[in-house]
Each structure stands twice: as C-alpha cells, then as structure tokens.
1. If a residue has to be of a type outside the set (Val, Ile, Thr) and in contact with a Ser or Thr (Cβ under 8 Å, 6 or more places away or on another chain) to count, how many in the stretch 29-73 make the cut?
2. Being in contact with an Asp or Glu (Cβ under 9 Å, 6 or more places away or on another chain) and polar (S, T, N, Q) is the filter here, so list the residues in the stretch 45-71 that pass it.
3. Looking at the stretch 2-14, can you tell me whether even one residue there is free of Cβ contacts under 8 Å to residues at least 60 places away in the same chain, of a type in the set (Val, Ile, Thr) and assigned to a loop (DSSP other than H, G, I, E, B)?
4. Being among the basic types (Lys, Arg), under 24 Å from PHE11 (Cα atoms) and surrounded by 12 or more Cβ atoms within 10 Å (Cβ to Cβ) is the filter here, so list the residues in the stretch 23-76 that pass it.
5. Pull up the stretch 1-22, narrow it to residues that are closer than 11 Å to GLY46 by Cα and of a type in the set (Gly, Ala, Ser), then point me to the one that is nearest to the chain's Cα centre (by Cα).
Amino acid sequence: MVSKFEKIAKFAEEARQVRRSTANWDFIRSLPSKLRIAIEYYIETGNFREAARIAEMSVDEFLYFSKDKANIYDMS
C-alpha cells in the first residue's frame, strides 16, 4: 500500500520533471545570475514565492516571467 507521503513525493517529482522539460534552458542560461538562480530554484523546488523573493520581484511578476518568458509549465 502506498502512503500519502509517497503519493505526495511522487507528484512533486513528476511536477519537477515537467518544469525541467518545458523550461527554455538557453534563455535561462542567458539571464543575469540573480534571476537565473531564482528560476533554477523554482524549477527544482516549485516554490515560486521564495524564488520571487530571490529575484526581488513580486510573485505575479515572477510567475508571468517564468511561464511566459522561460516557458516553465507548472502542474499546480
């Protein structure tokens, strides 16, 4: 039997894989270091609030940038 924790961990890993595969890595690599680090953090963790703080952007501004400019699709 699969526990709730295992289900959550599996979903989180699937979401991370989707973010990784949809990201425009050439664009991300061309960004200034602070923004690149924030985007990479978001891709790996899914934590857009902390990533927005790292990038010194509002949450809305960061989500727009990550989805429309860097092509990152998030399953949440």
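No value in this document is a laboratory result; all are computed from the given coordinates. Note that the coordinates shown come from a computational prediction; the quantities given were computed from them, not determined experimentally. Using ideal geometry, Cβ is built from the backbone for each residue, glycine included, and neighbour counts are taken over all protein chains shown.
1. Of the residues in that region, 7 qualify.
2. SER66, the sole residue that qualifies.
3. yes
4. In the first step, residues of the stretch 23-76 are kept if they are among the basic types (Lys, Arg); the result is 29, 34, 36, 49, 53, 67, 69.
Cutting the leftovers down to under 24 Å from PHE11 (Cα atoms) gives us 49, 67.
Answer for the stretch 23-76, where residues must be among the basic types (Lys, Arg), under 24 Å from PHE11 (Cα atoms) and surrounded by 12 or more Cβ atoms within 10 Å (Cβ to Cβ): just LYS67.
5. Applying the filter and picking the extreme gives ALA15.
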